[in-house]
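**Q** Please read through the structure below; I'll follow up with questions.
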Amino acid sequence: MTRVYREKKIDELKGDDKEVRVIGRVESIDKDTGTIILKGKEKTVLVTFDENFKKDVKEGDIIRVFGEVSEFEGKVEISGFIVQNMNELDLELKERVEKIRRR
């Protein structure tokens with residue numbers, strides 16, 4: 001079965017979203033627990049990974065995460081499956097292009 005991960009902005013995530021892909025800046029990381037806090041414009045989201053998570057991710061990095069959304073104690077979380085380094089991505093340019101495409 002092929003999975004379809006819908007692109008969402010961190011600020012638009014809801015607990016009833018299913019499989020998503022998001023891009024954000026790493027605000028904090030705990031490699032011992034496999035958790036990352038990703039920052040959007042106004043919100044942050046907790047991303048969890050299994051114990052095999054060994055990616056070279058640092059605070060301040062821009063990453064894209066593919067995963068499943070869930071809600072825990074009223075907060076949205078993502079159980080991440082794939083993480084990609086997106087440090088070369090110009091976030092401001094990406095946002096301008098998205099605005100043009102929506103017209």
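**Q** Filter the stretch 71-83 down to the residues that are touching a Phe, Trp or Tyr at 6+ places or on another chain (Cβ under 8 Å) and either among the aliphatic types (A, V, I, L, M) or over 15 Å from Ile10 (Cα atoms) (or both) and list them by number.
**A** Residues satisfying the conditions are Phe81, Ile82, Val83.
**Q** Within the bounds of the stretch 44-53, is there any residue that is in contact with a Gly (Cβ under 8 Å, 6 or more places away or on another chain), hydrophobic (A, V, I, L, M, F, W, C), over 16 Å from Ile10 (Cα atoms) and assigned to a strand (DSSP E or B)?
**A** Scanning the stretch 44-53 turns up no residue that is in contact with a Gly (Cβ under 8 Å, 6 or more places away or on another chain), hydrophobic (A, V, I, L, M, F, W, C), over 16 Å from Ile10 (Cα atoms) and assigned to a strand (DSSP E or B).
**Q** With respect to Gly60, determine if the residue is among the small types (Gly, Ala, Ser), within 16 Å of Glu7 (Cα to Cα) and touching a residue at least 12 places away in the same chain (Cβ under 8 Å).
**A** It is false that Gly60 is among the small types (Gly, Ala, Ser), within 16 Å of Glu7 (Cα to Cα) and touching a residue at least 12 places away in the same chain (Cβ under 8 Å).
**Q** Working only within the stretch 5-37, note down all residues that are in contact with a Leu (Cβ under 8 Å, 6 or more places away or on another chain), of a type in the set (A, V, I, L, M) and closer than 20 Å to Glu95 by Cα.
**A** Residues satisfying the conditions are Ile10, Val20, Val22, Ile23, Val26.
**Q** Could I ask something else about it? With (1) buried (at least 16 other Cβ atoms within 10 Å of the Cβ); (2) farther than 21 Å from Tyr5 by Cα as the list, and Val20 as the residue in question, which single condition is left unmet?
**A** Checking Val20 against (1) buried (at least 16 other Cβ atoms within 10 Å of the Cβ); (2) farther than 21 Å from Tyr5 by Cα, the one that fails is (2).
**Q** Within the stretch 28-45, how many residues are in contact with a Ser or Thr (Cβ under 8 Å, 6 or more places away or on another chain) and closer than 13 Å to Arg64 by Cα?
**A** So the count comes out to 3.
**Q** Now, a different point. Check off (1) within 26 Å of Glu98 (Cβ to Cβ); (2) in a strand (DSSP E or B); (3) not polar (S, T, N, Q) for Val57 and give me the number that stays unchecked.
**A** Here Val57 meets the rest and fails (2).
**Q** Still on this model: Return the residue satisfying two criteria in turn: it lies in the stretch 1-29 and is part of a loop (DSSP other than H, G, I, E, B) and farther than 15 Å from Glu77 by Cβ, and of such residues it is farthest from the chain's Cα centre (by Cα). Spell out how you get there, then give the answer.
**A** Within the stretch 1-29, the subset part of a loop (DSSP other than H, G, I, E, B) is 1-5, 8-9, 13-18.
So of that shortlist, the ones also farther than 15 Å from Glu77 by Cβ come out as 1-5, 9.
Numbers: Met1: 23, Thr2: 20, Arg3: 17, Val4: 15, Tyr5: 12, Lys9: 8 Å.
Going through the qualifying residues, I end up with Met1.
**Q** State all residues of the stretch 30-43 that are more than 13 Å from the chain's Cα centre (by Cα) and not hydroxyl-bearing (Ser, Thr, Tyr); if no residue qualifies, say none.
**A** The initial filter retains those residues of the stretch 30-43 that are more than 13 Å from the chain's Cα centre (by Cα), namely 30-34, 42.
Scanning the stretch 30-43 gives Asp30, Lys31, Asp32, Gly34, Glu42.
Only the coordinates and a few stated rules stand behind these numbers; no lab work does. Predicted, not measured: the structure shown is a model, and the values here were computed from it. Cβ sites come from the backbone with ideal geometry, for glycine too, and all protein chains shown count toward neighbours.
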